[in-house]
Amino acid sequence: MRFREADLEDFPLLVELTEREGWNYTEADFVNLKNTGCAHTLVAEDVGGILGMITVIDYDNMGWISNVLVKRSKRGSGIGKRLLAEGIGILGRKETVSLFAYERSKKFYQSEGFRLDRTLHFVRYKGYMSGAATRRGSYDFLRFQKECFGYNCPKILNMLASIGTVLSPVEGEGFAIVRADPKEPCVGPVVADDPVAGKSLLYAAFNQIGAGCRAVLPRMVEGTDEVERVSRLYLGERPILDEGRVFAFSGLELG
Ligand SMILES: CC(C)(COP(=O)(O)OP(=O)(O)OC[C@H]1O[C@@H](n2cnc3c(N)ncnc32)[C@H](O)[C@@H]1OP(=O)(O)O)[C@@H](O)C(=O)NCCC(=O)NCCS
């Protein structure tokens with residue numbers, strides 16, 4: 001088995017693998033991530049072809065891991081474990097390496113040394129809530145990222161803003177990114193200094209898309225159903241979260 005960085009020709013097969021897990025990726029998602037320059041998708045392969053994948057994102061002081069997937073017929077033979085070790089190795093020295101895990105795969109990561117930080121909610125918006133937002137045109141991504149999540153690298157947020165819509169709260173500072181993706185419309189991150197304006201911003205962001213919009217939330221809110229429970233796990237220093245100012249995370253794959 002060998003590892004290499006996935007290239008454009010691999011993306012159709014990677015989308016196919018993720019479709020079987022119900023992850024709703026498109027080739028454009030892989031291309032956009034790659035173009036940020038701070039995200040790398042690795043594949044494990046043998047003579048028979050691709051066996052699995054992992055995406056690692058370099059948030060400067062923090063490394064983020066996502067899309068850990070092994071082909072169904074090859075599970076249970078140590079490939080996931082080797083992919084994870086390879087991804088962590090590529091990230092190099094970090095204060096923290098973190099990820100979101102579904103309940104069903106939490107034990108896999110825990111057996112590789114990851115510790116539980118907190119439980120979060122992957123939700124679907126049902127609609128019928130009112131919210132308010134403005135469009136200001138300039139956002140201090142770096143400040144909020146540093147203060148609310150402890151990362152130092154806004155490249156992913158700049159990419160999300162370039163493909164989505166950015167809203168601001170009606171009171172205080174903050175922002176919400178809305179992605180009207182045809183396969184997985186979603187909202188996040190949503191951060192705001194003012195708690196009332198922040199919640200209103202979250203609903204305004206949901207309403208840009210309407211019922212069916214997805215988000216990863218630190219706590220359940222009215223007007224949403226939980227699709228899956230997820231856990232934030234970590235190696236190294238415990239990752240921070242400013243619970244008073246974070247209303248939604250960037251997404252399952254982005255942290
Ligand atoms: C999770 C996944 C990547 C594991 O890959 P894998 O190649 O089957 O795992 P490995 O064979 O390397 O297992 C490593 C260890 O984790 C354990 N493990 C693997 N999957 C597990 C699970 N679902 N629950 C509990 N333990 C698990 C193994 O028993 C093994 O333990 P050991 O070292 O003590 O023997 C794979 O099951 C998968 O692709 N799942 C679907 C996609 C997914 O949900 N990914 C995670 C997203 S959060």
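The values are calculated or read from the model by the stated rules, or taken from the named source; none is laboratory data. On a predicted model such as this, the values are computed, not experimentally measured, just so you know. Backbone-built Cβ (ideal geometry, glycine too); neighbour counts: all protein chains shown. The protein model used for the area step is the full one, side chains on, heavy atoms only, and it has no ligands, DNA or RNA in it. Shrake-Rupley method; radii C 1.70, N 1.55, O 1.52, S 1.80 Å.
On the Cα set of region 37-182, report Rg and Dmax in Å, please.
Cα only, region 37-182: 18.1, 58 Å (Rg, Dmax).
Based on DSSP H runs of at least 4 residues, each adding -39500 (n - 2.57), what is the mean residue ellipticity at 222 nm of the chain after dividing by all its residues, to the nearest 500 deg cm²/dmol? Before the final figure, lay out each step's value.
On the way: 7 runs with 65 residues, N = 255.
After summing the helix terms and dividing by the residues of the chain, the value is -7500 deg cm²/dmol.
Return a single number: how many Lys pairs in region 2-120, at a sequence separation of 8 or more or on separate chains, have alpha-carbon atoms below 22 angstrom apart.
11
So, R0 is 30 Å and r is the distance between the beta-carbons of residue 184 and residue 85; what FRET efficiency does that work out to, to 0.05?
Numbers: r = 29 Å, r/R0 = 0.97.
Rounded to the nearest 0.05, the efficiency is 0.55.
Kindly identify region 114-225 as rounded, prolate or oblate by the Cα gyration tensor criterion: order the square roots of the eigenvalues as a ≥ b ≥ c, call it rounded if a/c is under 1.5, otherwise compare a/b with b/c, prolate if a/b is larger, else oblate.
Values: a/c = 1.32, a/b = 1.10, b/c = 1.19.
Rounded, because the longest to shortest axis ratio a/c is under 1.5.
Note the per residue figure in Å³ for the convex hull of the C-alpha positions in the chain. Mind dumping the intermediate values first?
Numbers: hull volume 28.5 nm³, N = 255.
About 112 Å³ per residue, rounded to a whole number.
Any chance you could check the Cα centroid distance between region 4-38 and region 178-255 for me, in angstrom?
22
Share of antiparallel DSSP beta bridges in the chain, in percent to the nearest 5?
On the way: 51 of 56 bridges.
For the chain, the DSSP antiparallel bridge percentage is about 90.
What is the dipole size for region 64-138, taken about its Cα centre, with +1 at each Lys and Arg Cβ and -1 at each Asp and Glu Cβ, in debye to the nearest 20? The partial results should precede the final answer.
Values: 17 positive and 5 negative charges, 61 e Å.
In debye, rounded to 20, region 64-138 gives about 300.
With the crude spin-label approximation of a point 7 Å out along Cα→Cβ, what separation in nm comes out for residue 112 versus residue 170?
Distance between label points: 4.5 nm.
I'd like to know which of 25, 202, 97 lies farthest towards the positive end of the charge dipole of the chain, counting +1 on Cβ of Lys and Arg and -1 on Cβ of Asp and Glu.
Of the listed residues, the answer is 97.
Pick from 52, 89, 131: which is most flexible by mean-square fluctuation in a GNM of the chain where alpha carbon atoms under 10 Å apart are linked?
In the Gaussian network model the winner is 89.
Identify the trypsin sites (Lys or Arg not before Pro) of region 40-102 meeting these criteria: DSSP loop state and at most 10 other C-beta atoms within 10 Å of the C-beta.
Values: sites: 71, 72, 74, 75, 81, 82, 93, 94; in loops: 71, 75, 93, 94.
The qualifying sites are 93.
Using a 1.4 angstrom probe, figure out how much accessible area the chain has per residue, in square angstrom, rounded to the nearest whole. List each step's numbers first, then the result.
Numbers: 11180 Å² over 255 residues.
Per-residue accessible area for the chain comes out at 44 Å².
Got a number for carbon plus sulfur as a percent of the chain's accessible area, 1.4 Å probe?
Details: 5300 of 11180 Å².
That share works out to 47 percent.
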